[in-house]
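Colleague: Provided herewith is a single structure, encoded as structure tokens, for subsequent inquiry.
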Amino acid sequence: MVRISQSIPKGEREKLQFSRWVLLIINAAEAAGIGRLSRKQLHLLLFLSFASCRFYGIAPLRQRARRTEQGPYYRAAHIALGGLALSGLVEVSEFSSHRSTEHLQFEGHFGATVSGLKVGRVLRSTHRGEALYAFLLDLCLSVVEGAWHDDRAHKRSERRSLERAFEQDLTYRTALNRPGKVLFVEENPDDQETPTLAGLRKIRQFLDAKISVNRRDVLTVYQRLLMKKAA
Amino acid sequence: MRAKIKLPVMRRLSIRNYSLYPGANGQGLDLEFPSGVTVLAGINGVGKTTLLNLLMRMLLGPTERGKGDRDLGRVSQRELVIERNFSFFADRVPEKLDDNATATLEYLIGEREYIVTRYLKTMELKSVKLRGRTISSITTELDFGKEMARQAGLPTHYDFHVVVRFLQFFTEERQPILWSAATQYEFFKTLFLDLALTKETDDTFRQIQRIDSDYRNRLNQLNLRTERLKEAKAKTPMAADLAALHAQIDAATMASEEAGVKYAEEREIVDSLQLRARELDNELNQFEGTLADLEDELENADAAFVAQALPSLGDKAKFLMAGLSSGQGCFVCGNRHKGQLETVQKQLKGGHCFVCEHPIVGRGTGAKVQPLAAAQVRSLEQRINRLVAQTKQTESVRDALHRELSAKLQTLRAAAAFQSQTAINLATLQARLPALGDASSTLEAELVAEEAALKVLKDDRKKLAEDYREQIRLGRVEIEGFKEKLRATLTRYAEAFLQEKVDVRFGAQDKVKIATGAGQVGMPSFSIAMTSSTHQAPKERLRSDNVSESQKEFLDLAFRVTLLDMACADGAKSLIIETPEASLDSWFMLRAAALMRQFAPADQAPMRNLIATSNLNGTDMIPALLGQLDKNGKVKHKTNGANLVDLMKLTASSNTLKEGAARTRLEQELRRVNG
Amino acid sequence: MAGEQLINTQDMADAASDLSLVSGTPQERFFQSLVDYFIDWSVVNGAYIAAGQVKSDQALLVIYSESPRLEPGLPALLCADPEEVFLSLCTLSDGVAVASMNLAEVYQHVPNFTKGAGEAMKFVRSHLCADQTFALLMMGQNRVLVHDQGVPLDEWIKEPRVIKVQLVDESAITPELIEKQLDEFHNQAMATHRGTIARLMWKIEEEPTLSILREAPELHVQSGLVTYFRGLYRHKVANVDEEIPLTEGRVDVRICRFDRSNERFFTMIELKVLDPRSNDAKNLAWAHKGIQQAHDYKKTVQTDSAFACIFDARRDQSVLMPGLQADAEDKGVVLKLHPMAVPPPRKAKKLRTGLMVASTVDPTPTIKKAKRTSSNTTPKAPRTAKVPKKAA
């Protein structure tokens, strides 16, 4: 087997993994029909994905979001998006910046591009990439079938209710209640348990007793519950 | 004969801060013992015995003879021990004694005036003064004892102790002297005989005891072993039984061998299982190691794959440049002006970010990274998956193996136990076989050797016994030198008491056993013979079993007094008596009192005093002791030389009612005498 | 705790009340979603249909894309003016549309086929490629003709995979009915080597190399079966457990239904394909495993029947496997043994002048989950992303 000629330092690896996660989530949002994501929706969706990925046997990334008035903020996402945007893999629209001394804050909408989709497919050609995309796609599909279930009739431009549902996520709510700037997904690395995971398992238990479901269906029910709470 | 002995003579006793003896006005007790008789009168429980004990302990301290209350006549170890937790006097009062509770005794040894003070709590020495000055060299009890013995002219501290305690003091714990030839001889040795001979005699005696004891023990052992050997021999089974036994042994041997084989089999199984388990463990460790490595590699490969999939900086730059140079414009702002092109190019060439001018390190152009095919990453991922599956499988095999192993270990343990059991059975059966000739002959040889050794011991013992007899004989010879004096004195005292003619004899007719197995020796000793009251037959010798109890006591007292007279003829002496309870009839009582008075005449030098306690019992003992009655019971004029100490006034009264009644009685008694 | 408030039984029951429950590969789920739409459309336009207003050749072509907006998969001139479609209106019933997997995003590019289904087929032939996933909904025939990625278009045109859309009353389902339907499925999809599913499974080699099954043949069967049932029962029935990795060797279809008294029943169908490359012992073991797995299901969930469907693709199917029936009976499993015809190898290419038809004759269909194998025979169209040739 060919060995790669150089070793990537750990910091670099994490950046690359984060970039992959961001690109694939944007592609998955496109494939599920969500389309563009606002910055807030994207960050919330990232948080949600970290809080639930263990349900699919995927380990979340290490990066943690900071708490801001405008919702959770991943600095790593900012960097990744910049790179992806400059590379033409992600499309940015309606960009505006926040005057925030602490964080590089901005608003904008992020969507997929053709090159981004192509690069995404390349990334999906490894097991890991494939598994990650499958999860993120299921997540986005569950958002559409779950949180947007009633909204599908409306015009796309009016689909703004997503973040309200995302903000009801159990892990997010728990993290907000904790003091400090950092929003924790997992208490500690050994824990591997998040409130979202606990919730998903509960739903799964319930559903298995009634019908036969897949994981995606569990996510869908969860999204519906979040939406109901947000309403 | 040796130099005269000087025994301590009591002068004064003071007690302070001791609630048993608060004294007349609570300031403590002060008792004087002038020459003559001092009677300490009181009822039962007032503390007479304790007071006498105190007197004694002031001289002796909290010491005891080693080996306790053994017969005075049979002492092989002449040693004293200091009782560390002596609490006799502390126990007799309810309060906790402190260092203020003291007693002080003034006494004489010869010309030397001593004052000894002790703490009542433990009888520890507080101070020892000679003629008013503290003797600094005496700091311990042993020092004191040695010094006293030396001054008294006695060989050892032990001797001092014995003489004071059993000769000077005639108390409840007294031991008969007259009535025991051996004890008599002990005192002879202590008081009169040549020191060298005494030492020799004592040494010989000690040796004999030792050898005798040793001999007897070993003989005992020898007998036991011989007995056992005989028994074992006796138990030899008959021929038929023997055959049966052999058959049993054969069967047991086979069983044992089979068990051994089975155990070996099980052992092998377990060993191979354990080996396999270890192999699997090793395999798993290797898997783990490989897996860790592969996962590391995957992390790197995965990152590299992503890296090369994503456009690098160079790509971005190219993208930008393409836009700028083609006239499409800056993809950021759309500006089509080519003027910026150079600037940007310069930035990039210089290794700076064209946006923020920060120097760029890192991946640079994509040229260095080998293009990584997805297939390669996938194959790595697959390898890992396979390895994980393999690991899982191996783990389950290993777990199954462990279960099997623990079951087999049980079996092995059972087999081991069984094997051990059969071995024991076999050994037991074999033990029943008659001992082989060699074994028993070894044993017998041992026994024979021991017998020979014992014979030697016996001979030694015999020889020593002979020596001892010789030494006694020499002692006797010595005593012959002064026996007349002794005989005369004893006769005088005895006749005074018995009011009959007596015949004091000296001889070695009393046989004393030297040691349990060492034969006897005739102890030279004194005995009193008297005509029987009924017939003129040859004088019947008085023995302890043909006199009444109180006669016995007083005759013994007479002998003591005799010894004291002899030993310290020119010296002063004290005699302290706890008057035996009145089992004497009144006649004997008067005799006894007279005897005691005789011992201590008041106005004669050198000083003699007799300190006697007496119960208020409605008899005339006290007046008699005080000399107010003659030997016939008639009132005499009050004579000197008699002190009465009313202890009831001086001690803690616990029973005032009784005291009141007793007081009345005393006064009655005294009034009777005094008229 | 927030969790408890959020997740209570009543809410969960409500939220779960109408899940779509599509399952299987993305492609299959696409087909299942279309079947659902077809049923919805039929219901909504019931009167219209009953009045005979839907012609037999009315056809709607829906093309699958991961991004209908960015990658429509159609020639550029046709994509000039896409029209956003709102499927909930149930008005889409003609022409050409491009849709995402869950039909959340649909764009119509051709409003209708004026000449009906024939025009649709020509459209397919002219503008689409075998690599694409698409379906032709025959609105007046209660049929959906689905095209699996990789099936050559000519072949598909001649013999499309048909999903009947014909709702059966769920409460009428019995194990016997299921068995009958399994047989029908087998006939259509599996019996011949060009059966609509079977053709996805075979790799036909050139003489003298014999044909072999591709990787994970059971997955194709599983997908096909589920979509097939979808047409009959919609979401009331049948799903695939997507979680079980293939390495476990378990491939199943679960039919979950409620009878008239609302009691729940499961029917488990365990699928096994016997590989021509494996020896008889291995195949026998594989078949027994299928029976065992079906049996194991019965222990865990309330099943009223368990099937072990063994698709026999061995070269020599005359060798009987006698123990199987007895084993199945012992374990209370219904054994369905379906023979599959093994395709003969291609004739060896005599050197004819330049014509390489390999690429169309030798399909290399892939299921998304299956590993890409590199072909070791004739070169084919390069396998990269599913980007249609003429994308902008």
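The values are calculated or read from the model by the stated rules, or taken from the named source; none is laboratory data. Please read these numbers as outputs of a predicted model, since none were measured by experiment. A quick note on method: Cβ atoms are made from the backbone with ideal geometry, for glycine too, and the neighbour counts reach across all protein chains shown.
Colleague: I need every pair where a residue in region A:120-132 that is more than 9 Å from chain B (Cβ to nearest Cβ) has its Cβ under 7 Å from the Cβ of a residue that is modelled with pLDDT under 90, sequence separation at least 6 or different chains.
Modeller: A:Arg121/C:Ala385
Colleague: Which one of C:Ala326, C:Ala306 is assigned by TED's automatic domain parsing to the domain that holds C:Glu207, closer than 22 Å to C:Leu225 by Cβ and at pLDDT 85 or above? It would help to see each step written out before you state the result.
Modeller: Working: C:Ala326 fails: closer than 22 Å to C:Leu225 by Cβ.
Just one listed residue meets the conditions, C:Ala306.
Colleague: Could you check region C:156-258 for helices (runs of 4 or more DSSP H) lying wholly inside it with 1 or more residues that are under 19 Å from the mean Cα position of the chain (by Cα), exposed (fewer than 15 other Cβ atoms within 10 Å of the Cβ) and away from chain A (no Cβ under 14 Å)? First the steps, then the outcome.
Modeller: Values: elements: C:175-185, C:198-201, C:217-233.
In region C:156-258, C:175-185 are the helices (runs of 4 or more DSSP H) which contain 1 or more residues that are under 19 Å from the mean Cα position of the chain (by Cα), exposed (fewer than 15 other Cβ atoms within 10 Å of the Cβ) and away from chain A (no Cβ under 14 Å).
Colleague: If we keep just the residues of region C:1-40 that are touching a strand residue (DSSP E or B) at 6+ places or on another chain (Cβ under 9 Å) and of a type in the set (Gly, Ala, Ser), which is modelled with the highest pLDDT?
Modeller: Result: C:Ser33.
Colleague: Given the criteria more than 13 Å from chain A (Cβ to nearest Cβ), out of contact with any Cys (no Cβ under 7 Å at 6 or more places or on another chain) and not aromatic (Phe, Trp, Tyr), does C:Ala47 qualify?
Modeller: Working: more than 13 Å from chain A (Cβ to nearest Cβ): yes; out of contact with any Cys (no Cβ under 7 Å at 6 or more places or on another chain): yes; not aromatic (Phe, Trp, Tyr): yes.
Here the answer is yes, as C:Ala47 does meet what is asked.
Colleague: Within region C:56-71, is there a residue that is more than 14 Å from chain A (Cβ to nearest Cβ), in contact with a strand residue (DSSP E or B) (Cβ under 9 Å, 6 or more places away or on another chain) and part of a helix (DSSP H, G or I)?
Modeller: The answer is no, given that none of the residues of region C:56-71 is more than 14 Å from chain A (Cβ to nearest Cβ), in contact with a strand residue (DSSP E or B) (Cβ under 9 Å, 6 or more places away or on another chain) and part of a helix (DSSP H, G or I).
Colleague: For region C:276-335, name all the residues that are assigned to a loop (DSSP other than H, G, I, E, B) and within 14 Å of another protein chain (Cβ to nearest Cβ). Lay out the reasoning, then the answer.
Modeller: Taking region C:276-335 and keeping what is assigned to a loop (DSSP other than H, G, I, E, B), we get C:276-279, C:301-302, C:313-321, C:331-333.
Listed by number, the residues that qualify are C:Val301, C:Gln302.
Colleague: Which of the residues spanning region B:270-309 are more than 14 Å from chain A (Cβ to nearest Cβ) and in contact with a Leu (Cβ under 8 Å, 6 or more places away or on another chain)? Before the answer, list the steps.
Modeller: First, the residues of region B:270-309 that are more than 14 Å from chain A (Cβ to nearest Cβ): B:270-289, B:291-292.
Answer for region B:270-309, where residues must be more than 14 Å from chain A (Cβ to nearest Cβ) and in contact with a Leu (Cβ under 8 Å, 6 or more places away or on another chain): B:Val270, B:Leu273, B:Gln274, B:Arg276, B:Ala277, B:Leu280, B:Phe287, B:Leu291.
Colleague: Among (1) in contact (Cβ under 8 Å) with a residue 60 or more places away in the chain; (2) more than 10 Å from chain A (Cβ to nearest Cβ); (3) within 17 Å of C:Leu136 (Cα to Cα), there is one condition C:Ala99 misses while meeting the rest; what is its number?
Modeller: (2)
Colleague: Step by step: first the residues of region B:71-89, then only those that are assigned to a loop (DSSP other than H, G, I, E, B) and under 16 Å from the mean Cα position of the chain (by Cα), then the one that is nearest to B:Thr204 (Cα to Cα). Which residue is that? Don't jump to the end; show me each part of the working.
Modeller: Of the residues in region B:71-89, the ones assigned to a loop (DSSP other than H, G, I, E, B) are B:71-79, B:83-89.
Next cut, under 16 Å from the mean Cα position of the chain (by Cα) only: B:83-86.
Details: B:Glu83: 29, B:Arg84: 32, B:Asn85: 34, B:Phe86: 34 Å.
If we take residues in region B:71-89 being assigned to a loop (DSSP other than H, G, I, E, B) and under 16 Å from the mean Cα position of the chain (by Cα), then B:Glu83 is nearest to B:Thr204 (Cα to Cα).
Colleague: Also: Kindly indicate whether any position in region C:110-117 is surrounded by fewer than 18 Cβ atoms within 10 Å (Cβ to Cβ), in contact with a His (Cβ under 6 Å, 6 or more places away or on another chain) and in contact (Cβ under 8 Å) with a residue 60 or more places away in the chain. Working first, answer last.
Modeller: The initial filter retains those residues of region C:110-117 that are surrounded by fewer than 18 Cβ atoms within 10 Å (Cβ to Cβ), namely C:111-112, C:114-116.
If we keep only those that are in contact with a His (Cβ under 6 Å, 6 or more places away or on another chain) too, we end up with none.
Among the residues of region C:110-117, not one is surrounded by fewer than 18 Cβ atoms within 10 Å (Cβ to Cβ), in contact with a His (Cβ under 6 Å, 6 or more places away or on another chain) and in contact (Cβ under 8 Å) with a residue 60 or more places away in the chain, which makes the answer no.
Colleague: Mind counting the residues in region C:61-83 that are of a type outside the set (Ser, Thr, Tyr), under 12 Å from A:Val114 (Cα atoms) and touching a helix residue (DSSP H, G or I) at 6+ places or on another chain (Cβ under 8 Å)?
Modeller: Of the residues in region C:61-83, 5 are of a type outside the set (Ser, Thr, Tyr), under 12 Å from A:Val114 (Cα atoms) and touching a helix residue (DSSP H, G or I) at 6+ places or on another chain (Cβ under 8 Å).
Colleague: Within region B:373-408, which residues are without any contact (Cβ under 8 Å) to a residue 12 or more places away in the chain, of a type in the set (Lys, Arg) and within 14 Å of chain A (Cβ to nearest Cβ)?
Modeller: Filtering region B:373-408 for residues without any contact (Cβ under 8 Å) to a residue 12 or more places away in the chain gives B:373, B:375, B:378-379, B:382, B:385-386, B:389, B:392-393, B:396, B:399-400, B:403, B:406-407.
Okay, now just the ones that are also of a type in the set (Lys, Arg), so B:378, B:386, B:392, B:403.
Passing the criteria: B:Arg378, B:Arg386.
Colleague: All but one of (1) in a loop (DSSP other than H, G, I, E, B); (2) modelled with pLDDT of 90 or more hold for B:Arg2; which doesn't?
Modeller: B:Arg2 satisfies all of (1) in a loop (DSSP other than H, G, I, E, B); (2) modelled with pLDDT of 90 or more except (2).
Colleague: Hey, another quick one. Does B:Phe144 qualify as being assigned to a helix (DSSP H, G or I), at pLDDT below 90 and assigned by TED's automatic domain parsing to the domain that holds B:Cys568? Break it down into steps so the answer makes sense when it comes.
Modeller: Details: assigned to a helix (DSSP H, G or I): yes; at pLDDT below 90: no; assigned by TED's automatic domain parsing to the domain that holds B:Cys568: yes.
So B:Phe144 fails the test.
Colleague: Moving on to the next point. Just a yes or no: is a residue in region A:14-31 assigned to a loop (DSSP other than H, G, I, E, B) and more than 14 Å from chain C (Cβ to nearest Cβ)? Before you say what the answer is, go through the steps one by one.
Modeller: The initial filter retains those residues of region A:14-31 that are assigned to a loop (DSSP other than H, G, I, E, B), namely none.
Checked region A:14-31: no residue is assigned to a loop (DSSP other than H, G, I, E, B) and more than 14 Å from chain C (Cβ to nearest Cβ).
Colleague: Identify the single condition in (1) aromatic (Phe, Trp, Tyr); (2) at pLDDT below 85; (3) part of a helix (DSSP H, G or I) that B:Phe305 does not satisfy, given that it satisfies every other one.
Modeller: Here B:Phe305 clears every test but (2).
Colleague: Pairs, please: C-beta under 8 Å, at least 6 apart or cross-chain, first residue assigned by TED's automatic domain parsing to the domain that holds C:Arg143 and in region C:45-56, second hydroxyl-bearing (Ser, Thr, Tyr) and in a helix (DSSP H, G or I)?
Modeller: Close Cβ pairs satisfying both conditions: C:Ile49/C:Ser42; C:Val54/C:Tyr48.
Colleague: Go through region A:184-229 and give me each residue that's more than 27 Å from C:Thr25 (Cβ to Cβ), more than 8 Å from every other protein chain (Cβ to nearest Cβ) and surrounded by 24 or more Cβ atoms within 10 Å (Cβ to Cβ).
Modeller: Result: A:Val185, A:Thr194.
Yes/no per residue for (1) modelled with pLDDT under 85; (2) outside any strand (DSSP E or B):
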position: B:Gly522; (1), (2): no, no
position: B:Ser525; (1), (2): no, no
position: B:Ile528; (1), (2): yes, no
position: B:Ser533; (1), (2): yes, yes
position: B:Gln536; (1), (2): yes, yes
position: B:Ser544; (1), (2): yes, yes
position: B:Ser550; (1), (2): yes, yes
position: B:Glu553; (1), (2): yes, yes
position: B:Phe559; (1), (2): no, yes
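Colleague: Another question about this same structure. Can you confirm whether C:Thr114 is of a type in the set (Val, Ile, Thr) and within 17 Å of C:Glu155 (Cβ to Cβ)?
Modeller: On the way: of a type in the set (Val, Ile, Thr): yes; within 17 Å of C:Glu155 (Cβ to Cβ): no.
Answer is no for this residue.
Colleague: Next question. How many residues does region C:275-315 hold that are surrounded by fewer than 17 Cβ atoms within 10 Å (Cβ to Cβ), in contact with a strand residue (DSSP E or B) (Cβ under 8 Å, 6 or more places away or on another chain) and closer than 30 Å to C:Phe265 by Cβ?
Modeller: Of the residues in that region, 4 qualify.
So that you can scan it fast, the table gives a plain yes or no per residue for (1) of a type in the set (Gly, Ala, Ser); (2) at pLDDT 85 or above; (3) within 15 Å of the chain's Cα centre (by Cα):
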site	(1), (2), (3)
A:Arg75	no, no, yes
A:Gly82	yes, no, no
A:Leu89	no, yes, no
A:Ser96	yes, no, no
A:Glu102	no, no, no
A:Ser115	yes, yes, no
A:Gly120	yes, yes, no
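Colleague: Which of the residues spanning region B:26-55 are closer than 18 Å to B:Thr102 by Cβ and part of a loop (DSSP other than H, G, I, E, B)?
Modeller: B:Gly26, B:Gln27, B:Gly28, B:Gly47
Colleague: Taking B:Arg131 as the residue in question, decide whether it is among the charged types (D, E, K, R) and on the phi > 0 side of the Ramachandran plot. Quick ask: steps written out before the conclusion?
Modeller: Values: among the charged types (D, E, K, R): yes; on the phi > 0 side of the Ramachandran plot: yes.
Judged against the criteria, B:Arg131 is a match.
Colleague: Mind listing just one residue for me: the one in region A:149-167 that is facing chain C (nearest Cβ under 8 Å) and closer than 20 Å to C:Ser17 by Cβ and, of those, modelled with the lowest pLDDT? Quick ask: steps written out before the conclusion?
Modeller: The initial filter retains those residues of region A:149-167 that are facing chain C (nearest Cβ under 8 Å), namely A:152-153, A:156.
Next, only the ones that are closer than 20 Å to C:Ser17 by Cβ stay: A:152-153.
Numbers: A:Arg152: 51, A:Ala153: 47.
That would be A:Ala153.
Colleague: Of the residues in region C:18-57, how many are small (Gly, Ala, Ser) and more than 18 Å from A:Leu141 (Cβ to Cβ)? Reasoning before the result, please.
Modeller: As a first pass, look at region C:18-57 and keep what is small (Gly, Ala, Ser): C:20, C:23-24, C:33, C:42, C:46-47, C:50-52, C:56.
Filter once more, so that each one left must be more than 18 Å from A:Leu141 (Cβ to Cβ): C:42, C:46-47, C:50-52, C:56.
Residues that pass the stated criteria total 7.
Colleague: Now, a different point. Would it be correct to say that C:Asp36 is among the charged types (D, E, K, R), within 28 Å of C:His220 (Cα to Cα) and within 14 Å of chain A (Cβ to nearest Cβ)?
Modeller: Details: among the charged types (D, E, K, R): yes; within 28 Å of C:His220 (Cα to Cα): yes; within 14 Å of chain A (Cβ to nearest Cβ): yes.
Here the answer is yes, as C:Asp36 does meet what is asked.
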